[in-house]
1. Which condition breaks for Leu121 when tested against (1) buried (at least 18 other Cβ atoms within 10 Å of the Cβ); (2) outside the structural domain of Trp45 (by TED's automatic domain parsing)?
2. Look at Leu84 and say whether it is within 14 Å of Ile24 (Cα to Cα), loosely packed, with under 15 Cβ neighbours inside 10 Å and within 14 Å of the chain's Cα centre (by Cα).
3. Which members of the range 87-106 meet the condition of being part of a helix (DSSP H, G or I) and surrounded by fewer than 19 Cβ atoms within 10 Å (Cβ to Cβ)?
4. Filter the range 36-47 for residues that are in a helix (DSSP H, G or I) and in contact (Cβ under 8 Å) with a residue 12 or more places away in the chain; which is farthest from Pro104 (Cα to Cα)?
Amino acid sequence: MSQMSSAAKPLRLAGTVAVVAVAITPGFMRSARVLEHFGVTEENWHEAGKQDRNFLESESPLFVGRAIVALATDPAIAERSGQLFSSWEVARDYGLADVDGRRPDWGSLEIDYSQIPLAMLESMQDAIEVQAAWLELLSKRTRSFQAAFLKQPPP
């Protein structure tokens, strides 16, 4: 897990209620569209591993949902405010399993990019560039807001 900010703290409303902000990302998810792409169903999804061995480490949409529930029901979640999580990291921390009993761990997989079509790799590269640019813009705007905020006299 990585921290979005080392200074992230839960927001306090009226001095009593904590508002916690976390982010979570799934691994290689077996969504309906992905299953359709591979020509498989949730019942025979393992067969898609013949086309792309990375898919053998995929997770059902329920897996990330279980991770969200685990975080949301953790009484100590306020201590984790401001952090970015992955479904597999949360599953490790809370001992979660997917609907089929497996423990998908996309983070431990040595990804085989050789089986991914060139057009998809190019799209992934484009998406990474867009994400990086968005994060840079978000950071710039946040720093600008912070500077303006700090100039304000206290109430």
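1. (1)
2. yes
3. Of everything in the range 87-106, those that are part of a helix (DSSP H, G or I) and surrounded by fewer than 19 Cβ atoms within 10 Å (Cβ to Cβ) turn out to be Arg92, Asp93, Tyr94.
4. Step by step, filter the range 36-47, then rank; the result is Phe38.
The values are calculated or read from the model by the stated rules, or taken from the named source; none is laboratory data. Treat the numbers as computed from the prediction; the structure is a model and nothing was measured. FYI the Cβ positions are ideal-geometry reconstructions off the backbone, even for glycines, and counts take in every protein chain you see.
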